[in-house]
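As structure tokens, the structure follows; a few thoughts come after it.
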Amino acid sequence: MKNFISRLLTALAAGALAIATVVATSSPAQADVDAYTPHGGPMVGLTGDYVDFTFNEAGQTFNCGNFDMSGTIPNAGASRFFGAPATTWGQVVHGGCTNPIIGDSTFDPIGAWQFAITGPEVGSVSPAAFTNVALFVQAADCAFNIAGDVSGVFDDATGVFTSTGSSLVVTDTPTGFICPILGFEQGHTVSMSGSWTITGLTITNP
């Protein structure tokens, strides 16, 4: 009986060691799947050409000839989970925006926008997004705020981010007598389309 118990305890100890070994060797691999690393900086630039804002329910589109930003890479070279920011844009310089009915309008960025990789790279392309996007819009005498995220893909080989969708909405009640005439209302959705070239940033997985 003592020999049986001794053999049983030895087998259980060996099994526990095998499980611990598997866990220890598999955890980093799992972390690798869910992480990425931005390289470059510390300063990064973003050059946007022909960026459009379309207010879907109102059927109004504003064309911005330039929409450029500058910022930094926090902790460049450090791995982070998908969705954590690769860059923070602290300064935004953009050209005028115009609408064929309303004419010249302003889209002034608010706060610090961010750029994040949201999934694993395939070839040189990664899913990515602008996050914490917020702007104050002045169109004729109509004024309001929009906010949300802009999703897209980032090509590491060319440095180009191309938008594919957005969750931007009008976040407050537009002020100005012309707002109802133009069709702007709180809660309406806004599409931000275009492409931007990011300089000073490359991505690796993890």
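The values are calculated or read from the model by the stated rules, or taken from the named source; none is laboratory data. Keep in mind it's a predicted model, so treat the numbers as computed, not measured. Note that we place each Cβ from the backbone using ideal geometry, even for glycine, and neighbour counts take in every protein chain shown. Each accessible area value is taken on the protein alone, full model and side chains, heavy atoms only, with ligands, DNA and RNA left out. Shrake-Rupley method; radii C 1.70, N 1.55, O 1.52, S 1.80 Å.
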Next item on the list: Consider only pairs whose beta carbons are under 6 Å apart and that are at least six residues apart or on different chains; among these, list those whose first residue lies in the stretch 58-70 and is under 17 Å from residue 103 (Cβ atoms) and whose second residue is part of a strand (DSSP E or B) and charged (D, E, K, R).
Entry: 61/52; 63/52
Next item on the list: Go through the stretch 83-110 and give me each residue that's under 20 Å from residue 167 (Cβ atoms), in a loop (DSSP other than H, G, I, E, B) and either open to solvent by 60 Å² or more (accessible area, probe 1.4 Å) or hydroxyl-bearing (Ser, Thr, Tyr) (or both).
Entry: 110
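Considering only the stretch 131-147, state which residues are more than 17 Å from residue 61 (Cβ to Cβ) and out of contact with any Phe, Trp or Tyr (no Cβ under 6 Å at 6 or more places or on another chain).
We begin by selecting, within the stretch 131-147, every residue more than 17 Å from residue 61 (Cβ to Cβ); these are 131-134, 136, 141, 143, 145, 147.
Hits for the stretch 131-147 are 131, 134, 136, 141, 143, 147.
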Notebook entry, point to check: Which residue, of 136, 184, is under 21 Å from residue 70 (Cα atoms) and among the aromatic types (Phe, Trp, Tyr)?
Noted result: 136
Next item on the list: Quick one: which strands (runs of 3 or more DSSP E) lie wholly within the stretch 144-206 and hold at least 2 residues that are among the hydroxyl-bearing types (Ser, Thr, Tyr) and open to solvent by 40 Å² or more (accessible area, probe 1.4 Å)?
Entry: 160-166, 189-204
